[in-house]
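First up is the structure itself, then whatever we jot down about it.
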């Protein structure tokens with residue numbers, strides 16, 4: 001490594017993944033270790049915050065040791081610690097924040113608190129070395145659906161956000177309603193391949209006076225009403241058709257909103273980010289729409305769409321370069337808004 005190389009240790013614990021990563025110069029991932037709790041939470045049909053926090057405590061030291069080992073470095077080689085401090089589950093966030101503060105204090109290293117959503121956007125920089133702001137990004141995850149213009153590294157103009165359920169939340173609730181269980185997104189994605197996406201006419205909600213905002217609550221209710229009507233009429237439910245029709249309704253809204261935003265703001269680069277960005281149907285539909293509009297489309301590999309620490313290390317690198325530093329009184333902020341520090 002040359003003298004100018006900057007190594008960031010990224011730590012992520014906002015929900016049910018304990019993750020650590022070593023990132024070199026903001027774009028090169030030397031290690032990316034993720035300890036998932038999905039099997040554990042599947043027993044309960046969703047994430048149980050108390051259990052998530054306990055598991056983070058059990059796993060975080062091992063995950064960090066593994067990340068350093070995989071990168072063939074020690075803490076003495078690290079230039080700064082980046083950690084997710086919000087938004088997320090408060091107990092889960094506190095585990096990562098406390099660990100990062102302890103390492104920063106013990107090794108006299110700069111501490112950088114990272115916004116989880118900024119991390120998701122930054123995942124696009126990993127596999128696209130040519131991608132630089134400004135560009136448009138649609139962030140689609142379990143807790144968030146945003147359409148933003150990335151004006152600079154860590155600088156966002158929010159065009160639209162969800163008014164109720166996030167897209168990923170709707171996937172989980174619909175999956176539970178049709179008996180697929182948790183996690184809903186991947187299971188609906190898989191089952192929908194067997195179904196007809198035009199079998200059931202589910203609504204595509206638009207928010208009056210806010211063309212870039214999202215609303216998925218009505219769609220979720222429409223699916224539940226459809227299932228209840230089938231039950232009352234004693235009609236069989238084709239779960240694959242329900243999954244495919246629901247997924248197409250969500251995808252249509254996400255694609256149409258993103259393309260409208262890109263067109264209106266004359267943006268020729270569009271990225272997606274967040275857990276739902278790994279949905280195969282969405283990726284294919286967005287790619288097709290971008291080709292039609294001659295917009296360059298960026299999408300992280302699925303491993304970088306789910307919660308991971310590589311994206312946090314990347315975001316922390318650009319904050320580090322800007323001179324952003326967090327004090328040792330950094331706290332978890334479960335409802336942290338994008339653009340806040």
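Readers should treat all values here as calculations from the given coordinates under stated rules, not as data from a laboratory. All values derive from a computational prediction rather than experimental measurement. Please note: Cβ atoms are built from the backbone with ideal geometry, for glycine as well, and neighbour counts cover all protein chains shown.
Computed on segment 133-300, with alpha-carbon pairs under 8 angstrom and 6+ residues apart, the relative contact order is 26 percent.
As a calculated quantity, the FRET efficiency between residue 265 and residue 164 at R0 = 25 Å, using C-beta atoms, amounts to about 0.50. The length gained by stretching the chain between residue 57 and residue 72 to full extension, at 0.36 nm per residue less their Cα-Cα distance, is 3.0 nm. Spin-label model, residue 322 to residue 79: label points 7 Å out along the Cα-to-beta-carbon direction sit 1.7 nm apart. Using alpha carbons only, how many degrees (0 to 90, rounded to 10) separate the axis of helix 239-264 from the longest principal axis of the chain? Long axis of 239-264 versus the principal axis of the chain: about 60 degrees.
Taken over the alpha carbons of segment 48-166 as equal point scatterers, the Debye sum produces base-10 log I(q)/I(0) values at 0.12, 0.20, 0.22 Å⁻¹ of -0.57, -1.23, -1.28. Each residue of segment 133-300 gets 105 Å³ once the volume of the Cα convex hull is shared out per residue. In the chain, the C-alpha radius of gyration followed by the widest Cα-Cα span (Dmax) gives 20.2, 72 angstrom.
Helix 280-292 and the longest principal axis of the Cα set of the chain meet at an angle near 90°. Structure remark: mean-square fluctuation, Gaussian network model of the chain, C-alpha springs under 10 Å; the largest value among 278, 98, 141 belongs to 98.
Taking 7 Å steps out from each Cα toward its Cβ at residue 224 and residue 155 produces label points 4.3 nm apart. Each of 84, 294 was scored by other Cβ atoms within 10 Å of its Cβ. Listed from fewest to most, they are 294, 84. Considering the chain as a Gaussian network with a 10 Å cut-off on Cα pairs, which listed residue, 41, 120, 146, attains the greatest mean-square fluctuation? In the Gaussian network model the winner is 41. Our estimate of slack between residue 127 and residue 335, defined as 0.36 nm per intervening residue step minus the Cα-Cα distance, is 72.0 nm. Between residue 210 and residue 280, the modelled label-to-label distance comes to 3.4 nm, taking each label 7 Å out from Cα in the direction of the beta carbon. Against the longest principal axis of the chain, how steep is helix 49-71, in degrees 0 to 90 to the nearest 10, with axes from Cα atoms? Its long axis makes an angle of about 50 degrees.
Mind jotting down the distance between the C-alpha centroids of segment 72-138 and segment 157-227, whole Å? Their Cα centres are 30 Å away from one another. Calculated mean residue ellipticity, 222 nm, the chain: -14000 deg cm²/dmol, from DSSP H runs (n ≥ 4) at -39500 (n - 2.57) each, averaged per residue and rounded to 500. Secondary structure note: in the chain, about 60% of the DSSP beta bridges are antiparallel.
Once you reduce segment 282-341 and segment 32-63 to the center of their Cα atoms, the two points are 22 Å from each other.
Relative protection proxy for 255-262, 14-21, from highest mean packing down: 14-21, 255-262 (other beta-carbon atoms within 10 angstrom).
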